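Written below as structure tokens is the structure these notes are about.
The values are calculated or read from the model by the stated rules, or taken from the named source; none is laboratory data. Source: prediction; values computed, not measured. Positions of Cβ are generated from backbone atoms using ideal geometry, with glycine treated the same way; all protein chains shown enter the neighbour counts. Ligands, DNA and RNA are stripped out before the accessible areas are found, and what is left, the full protein with its side chains, is counted by its heavy atoms. Shrake-Rupley method; radii C 1.70, N 1.55, O 1.52, S 1.80 Å.
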Amino acid sequence: FNPNLSTSAQTFTAATGEVWTTNGTARIFGNTDSTYGIPAQWDAGGPFGYLAEGARADVLGATAAIRRTMTDVGWVVGATMTVGTATGVDGVASAAASLTGGAVTATNTILFTTVLASAERTFSAWVRRKTGTGVIEMTDNGGTNWTDITAALNSSTYVLRQLTRTQANPIVGFRITTNLDAIEVDFNTLEAAAFANPTPIPVNVSKAEDALSH
């Protein structure tokens, strides 16, 4: 019985062929179920157990204009990129950024330059598609490398995208390759870690280590 195989709230077929079906108001809770899913990790043996996040801090910037709305002057907006507002991951209206590309791919960019000593860091952001079907890319080195994040995006849910690299002065941001395509972006984050924190780090707040007591 592996609930991650569920593609609906009522039934799924196991890897070994048997069909599992709920009755009444019972529901299958798998971490990939968009309606009833919960962020618990399962495999065929059952739930993995307690997940604790370590202490984390963002070093990209201390304001919502840097990390959320992307309206800070540090964000260099390409000539054909348009920046608006969007509802954030937390459901707050106009708390996040809406990015729309124009007719020239090369200038459909938005980049933010940091001044930091060389270290391993992860740039991450919560992203969802607003309009279009073209390629969406992100970078952590000013566009020397662009990473295609298109396949992970959908229009209903923000997803966490991340890049990890050892370097000085990361230059982070996004590129939209197709005219009038748009994405929504929230909680741009730069962490001195090998992977992004699974939940958004609040603006101008270092996240304490999770602790379980009973």
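Within the set of other residues whose C-beta is less than 15 Å from the C-beta of Arg56, count the net charge using Lys and Arg as +1 and Asp and Glu as -1.
Working: positive: Arg67, Arg121, Lys207; negative: Glu53, Asp58, Glu120, Glu191, Glu209, Asp210.
Within the 15 Å Cβ shell, the charges total -3.
Residues Val115, Val83, ordered by accessible area of protein heavy atoms at a 1.4 angstrom probe radius and largest first, appear as Val115, Val83. Among the GluC sites (Glu not before Pro) within the range 153-214, those in coil by DSSP and having at most 10 neighbouring Cβ atoms inside 10 Å are Glu209. Dividing the helix sum by the residues of the chain, where each DSSP H run of 4 or more adds -39500 (n - 2.57), gives a mean residue ellipticity at 222 nm of -500 deg cm²/dmol. Charged neighbours of Ser155, selected by a Cβ distance under 14 Å, balance to +1 (K, R count +1; D, E count -1). Considering only Val104, Val185, Val19, the mean-square fluctuation computed in a Gaussian network model of the chain, springs between alpha carbons under 10 angstrom, is largest for Val19. Taking all Cα pairs closer than 8 Å and separated by 6 or more residues, the relative contact order of the chain comes to 23 percent. Using the Cβ-Cβ distance between Ser155 and Ala93 with R0 = 22 Å, the FRET efficiency computed as 1/(1 + (r/R0)^6) comes to roughly 0.80.
Listed options for volume of the Cα convex hull per residue in Å³ are (i) 156; (ii) 238; (iii) 204. The value calculated from this structure is the one marked (i).
Note on the chain: GNM, Cα springs under 10 Å; of Gly24, Gly173, Gly101, the largest mean-square fluctuation is that of Gly24.
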